[in-house]
Amino acid sequence: MLDMMVVGAGYVGLAAAVAVKQAAPHLNIEVVEAAPAHVWEKDERASAIITAASKMLDVLGVWDDILVHSQPINRMIVTDSRTSDPVRPVFLTFDGEIEEGKPFAHMVPNVEMVRALRGAAERLGIAIRHGLSATAFTTTNTSTTVTLSDGSTIETKLLVACDGVRSKLRDMAGIRTVNWQYGQSGIVTTVAHERPHEGVAEEHFLPSGPFAILPLPNNRSSLVWTERTDDAERLIASDDLIFEDELQRRFGHKLGELTVVGGRKAFPLGLTLSRAFVAPRFALAGDAAHGIHPISGQGLNLGFKDVAALAETIVEADRLGLDIGSLNVLERYQSWRRFDTFRMGVTTDVLNRLFSNDITPIRIARDFGLGLVERMPKLKDFFITQAAGTGAEGNPKLLAGEQI
């Protein structure tokens, strides 16, 4: 019988398995992944990794491998304008360092992050079963039996669902969600540009939604471009000339001519918050527990916070001789993470509704607010430490760079 079975071999699932196994090597852990073995190598996206998450990845022994492929964010610029405006005034800027030599975030290619976490899992002896999905599970007082798509069954003390925002395991567990769609889609692509970005990230608030420019190594940038869903579908289906022309209008000309160097995909945007994070012998983590708007760049980092809290909960319970799958143990994880997740979900929802419109009185009020924050250094410092994940009290040990 397994001690812990993780369904989903993405960043969160792998990190959860590695974090627990590293701190408690005697626990028997396996990961099940529905996708084929090498599909992750085709992921062209990149993610912002905040300071707290990078500290955790450092403790897990993978940050050095990730860091060589990353781009530090040295500065953040926020503008608010219309697409047709000839000038985009800067309302708010943040210096990227939260302490000497440490930026608040790094941009990391997803493929390198998964590669490093898979390497750690392999070194720790964690088996990853590919091409299998969980089709059902039944729970008793002592274990959970999971049925896989090939008809086989696995018995485990704890089942951890990291199977995405449309989690089938969450539905099987009977956990309900708060859910709505924004009528927006996020277009994700990568561009090269003539002039260096110097590690500057920009977020342009446009009437259809935020347009984020995030620096990558080798003079490239990752884009998260929010549009109304019907417009996003039209842009994805358009030829390269039309797509790049629309892109340049939003990106601006400060970095010169742009060239799209990655594929382009659109993802529907919405808010999904699980009403519970746990059930007997069952826990949700990552997007299976919460899906938020990318306006704050915190989605993946919320998942890593889940990992840190869940791993500490499991390992400390095991050291005390407790049953790691019992509801009493798992409720500590839920209480640790549910409020923070709810707060971030509400924050991103309000920000998206506030900035994704062209109503003049609202525009005037929000620009006044941005300008006010710009003139208050202590408030800016507070926001940047919160964004970096270093300002919260009671963080799990891994997020502080400490071993469990």
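The values are calculated or read from the model by the stated rules, or taken from the named source; none is laboratory data. Just so it is clear, the structure is predicted and the values come from calculations on it, not from any experiment. Virtual Cβ from ideal backbone geometry, glycine too; neighbours counted across all protein chains shown.
Below, the figures for the structure above:
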| item | result |
| --- | --- |
| Tally, over the range 107-141, of residues that are among the hydroxyl-bearing types (Ser, Thr, Tyr), touching a residue at least 60 places away in the same chain (Cβ under 8 Å) and either in a loop (DSSP other than H, G, I, E, B) or within 28 Å of Thr51 (Cα to Cα) (or both) | 1 |
| Contacts under 6 angstrom Cβ, first residue in the range 364-384 being closer than 15 Å to Leu351 by Cα, partner modelled with pLDDT under 70 and surrounded by 14 or more Cβ atoms within 10 Å (Cβ to Cβ), 6 or more apart | Asp367/Phe91; Leu370/Phe91 |
| Candidate set: the range 30-61, residues that are over 20 Å from Gly299 (Cα atoms) and among the β-branched types (Val, Ile, Thr); chosen: the one modelled with the lowest pLDDT | Val39 |
| Criterion: touching a His at 6+ places or on another chain (Cβ under 9 Å), under 20 Å from Met113 (Cα atoms) and of a type outside the set (A, V, I, L, M) - qualifying residue of Glu33, Glu44 | Glu33 |
| Hits in the range 143-163 - residues which are without any contact (Cβ under 8 Å) to a residue 60 or more places away in the chain and in a loop (DSSP other than H, G, I, E, B) | Asp150, Gly151, Ser152 |
| Which listed residue is over 21 Å from Val108 (Cβ atoms), surrounded by fewer than 16 Cβ atoms within 10 Å (Cβ to Cβ) and either assigned by TED's automatic domain parsing to the domain that holds Asp163 or touching a residue at least 12 places away in the same chain (Cβ under 8 Å) (or both), from Arg281, Arg275, Arg228 | Arg275 |
| Scope the range 333-363; condition free of Cβ contacts under 8 Å to residues at least 24 places away in the same chain, assigned to a helix (DSSP H, G or I) and of a type outside the set (D, E, K, R); matching residues | Ser335, Phe339, Val346, Val350, Leu354, Thr360, Pro361, Ile362 |
| Failed item, numbered, when Ala37 is tested on (1) in a strand (DSSP E or B); (2) out of contact with any helix residue (DSSP H, G or I) (no Cβ under 7 Å at 6 or more places or on another chain) | (1) |
| Meets criteria (outside the structural domain of Val146 (by TED's automatic domain parsing) and within 20 Å of the chain's Cα centre (by Cα)) for Ala309 | no |
| Number of the condition not met by Glu198 [criteria: (1) in the same structural domain as Pro294 (by TED's automatic domain parsing); (2) out of contact with any Phe, Trp or Tyr (no Cβ under 8 Å at 6 or more places or on another chain)] | (1) |
| Strands (runs of 3 or more DSSP E) contained entirely in the range 249-297, each with at least 1 residues that are over 19 Å from the mean Cα position of the chain (by Cα), more than 30 Å from Arg353 (Cβ to Cβ) and of a type outside the set (Gly, Ala, Ser) | 258-260, 282-284 |
| Output for the range 1-32, where each listed residue is polar (S, T, N, Q) and out of contact with any strand residue (DSSP E or B) (no Cβ under 8 Å at 6 or more places or on another chain) | Gln22 |
